[in-house]
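First up is the structure itself, then whatever we jot down about it.
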Amino acid sequence: MARIQATRSDTAEGITVDQIVLGEGPTTIEEIAAIARQGVRVSVGRTGKARIADAHAVVDRIVREERVAYGVTTGFGQLATTHVPVTQARELQENLVRSHSVGVGEPLPRDVVRAAMAIRINTFTKGHSGVRQEVVDLLCAVLDADLVPWVPSRGSLGASGDLAPSAHMVLAMMGEGELLSADGRREAALPALRAAGLEPLRLEPKEGVSLINGTQFMAAIGVLATLDAEAALDSADLIGAMSIEGLRASVGPFQERIQRLRPIPGQRLSAANVRAATAGSEIMLSHLNCDKVQDAYSVRCIPQVHGACRDALRWLREVVTVEVDAVTDNPLVFPEEDEIVSAGNFHGEPLALAFDLAAMSLAEIGSMSERRTFRLLSPFLSELPPYLTRHSGLNNGYMLAQYTAAALVAESRILCHPASVDSIPTSGDQEDHVSMGMTAALKLGDVLANTRTILGIEALCAAQAIDLLAPLQPGAGTGRGREIVRSFAAPLERDRYLAPEIAAAAAAVAAGEFAAAARAL
């Protein structure tokens, strides 16, 4: 892991961990997320600084000796054969950033941009990029000052990495771009930089291409999506267990001896989560001797479906873990050989494929959840009153909440068309196969948001179902799930405005409240 440094703080607690030192060892997804979301400060260790200096020395020699090197004394893409005099090497880099700042659409969230900046710093510490230490120091200082560049979300093809988003990030550091304020406003970067005591970046040879060529924005989305998707899976197990109780279904299919016969890791974990959540449940004990033979697939097959999705997300974690600690820019500097080599580590195919599979997995979680919600609301499929209201007819209960879940399931299915199978050639066919990895990443974020809301709707309905079975009490885990719901939504006695409660339920899933309850069992 990167070195986590304890420093003296001004809080009553005294010593707090508030800085991550990059370049001293492998960097984890969790560390990047802490920088992105918790405001943990970042710096570069002595080993990382030494590598940065060695790589920059190679670039410096190439410029002084007027050697030909891609992106240093040549143009870019199809213009790679166009020689650029060393006297114009600095202008070449600044023109690169300005010309590539062509993004459109809504801005990427602040935590995504912060994660991307941290990943780029980490890349530089590997010693294969050729930038000056001053560039890395400014990146660290901008992060620590919480100055977040305004970065449009659309425009990256995922090869050569995330050119347009990264260019907008660098343009802000140059004082020519914009920042994204905490309340979502766009503001000029230059005054904010100077107010923080920072001078705008003036690019030296190779620094522009080193800053914008790489997978840092795809990887940043991947970091946060990995953690959020894992939390959604834990939430789905707990909320699914709540529905099992509300439907008075059987936990027989979740027995460990059954999972051992098909020992898929995710399946065993999801089954164990449901068993733990329903342990000690009076509701489950109340129907042990009922004549129901077996439950519907959306209930009985939770371990198999949730488990398969867990295993797909494990692959996402593996890919992203490599990516945040990799060198993905081009060209690459090899100090020991005194060489600069053009290669293709910027290609986002590994991420794109993982993102597409993760989106499909989360869509499946949403699809299963919506089916359980439908069963909770349908008296011919449960022992519950219609739409979970005792006064149906006069009241509609949660009838329309299922409509919303169904609409989101349909949208997620549409979004699951894989971006990674698409490619549109660019740059005069020099870049003739691209990954569309950023498109895959953005779609993954949309599917994740949909799935959180679908799970939130199921949680609302399952909590209502459990309450309707009183005085029988739920298990410890499912009871905790019901308490989470009751913290923002009272039992539904008559029709009321439900949209705010659906939003609150989705927010509780996003905040990891259900996941924390599941993990505590």
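Computed from the coordinates by the stated procedures, all read-outs in this text should not be read as laboratory data. Every value quoted in this text rests on a predicted model; they were computed, and no experiment measured them. Cβ placement follows ideal geometry from the backbone for every residue including glycine, while neighbour counts extend to all protein chains displayed.
Brief remarks on what is shown
- Förster-model FRET efficiency, 30 Å R0, Arg154 and Ile414, C-beta, rounded to 0.05: 0.95
- Dipole magnitude of segment 3-214 about its Cα centre (Cβ charges: Lys, Arg +1; Asp, Glu -1), debye to nearest 20: 380 debye
- For Leu394 and Ala407, the difference between the fully extended length at 0.36 nm per residue and the C-alpha to C-alpha distance is 2.2 nm.
- Counted by neighbouring Cβ atoms within 10 Å, the residues Val86, Val151 run from fewest to most as Val86, Val151.
- Farthest positive-ward along segment 3-214 dipole, Cα basis, beta-carbon charges - from Leu22, Pro152, Gln38: Leu22
- Using just its DSSP H runs of length 4 or more, each adding -39500 (n - 2.57), the chain gives a mean residue ellipticity at 222 nm of -17500 deg cm²/dmol after division by all residues.
- Cα-projected label distance for Val102 with Val341, points at 7 Å along beta-carbon direction, nm: 3.1 nm
- Its Cα centre serving as origin, segment 74-123 has a Cβ charge dipole (Lys and Arg +1, Asp and Glu -1) of approximately 120 debye.
- For segment 325-364, applying the loop criterion from DSSP together with a ceiling of 16 other beta carbons within 10 Å to the GluC sites (Glu not before Pro) yields Glu336, Glu337.
- In a fully extended conformation the segment linking Gln255 and Arg67 would gain 60.9 nm over its present Cα-Cα distance, using 0.36 nm per residue.
- 20 Å reach of a label modelled at His433, 7 Å along Cα-to-Cβ, counting backbone N of segment 344-369: 344-357
- Degrees, to the nearest 10: 89-100 long Cα axis against longest axis of the chain: 30 degrees
- Note on the chain: with charges restricted to the Cβ of Lys and Arg (+1) and Asp and Glu (-1), its dipole about the Cα centre is near 1440 debye.
- Mean separation of Cα contacts under 8 Å (6+ apart) over length of segment 3-214, as relative contact order %: 22 percent
- Exposed-loop-free span, longest in the chain, where trypsin sites (Lys or Arg not before Pro) count as exposed if DSSP calls them loop and at most 15 other C-beta atoms lie within 10 Å: 68-184
- Across all Cα atoms of the chain, the radius of gyration (one decimal) and Dmax (whole number) stand at 26.1, 86 Å.
- Hypothetical label at Ala279: residues of segment 487-521 whose amide nitrogen lies under 20 Å (7 Å Cα-Cβ projection): 514-521
- Counting other Cβ atoms within 10 Å as a rough exposure proxy, the listed residues Trp150, Trp315 run Trp315, Trp150 from fewest neighbours to most.
- If the segment from Phe488 to Leu288 were pulled out straight at 0.36 nm per residue, it would be longer than the present Cα-Cα gap by 68.7 nm.
- Spatially proximal lysines relative to Lys49 (Cα-Cα < 19 Å; intrachain offsets below 8 disregarded): Lys126, Lys206
- Taking Tyr398, Tyr297 and counting other C-beta atoms within 10 Å, the order from fewest to most: Tyr297, Tyr398
- For segment 401-521, averaging the sequence separation of C-alpha pairs within contact (under 8 Å, six or more residues apart) and dividing by the residue count gives a relative contact order of 25 percent.
- Put simply, segment 3-214 fits an ellipsoid with semi-axes of 29, 21, 15 Å; these come from the alpha carbon gyration tensor as the roots of five times its eigenvalues, largest first.
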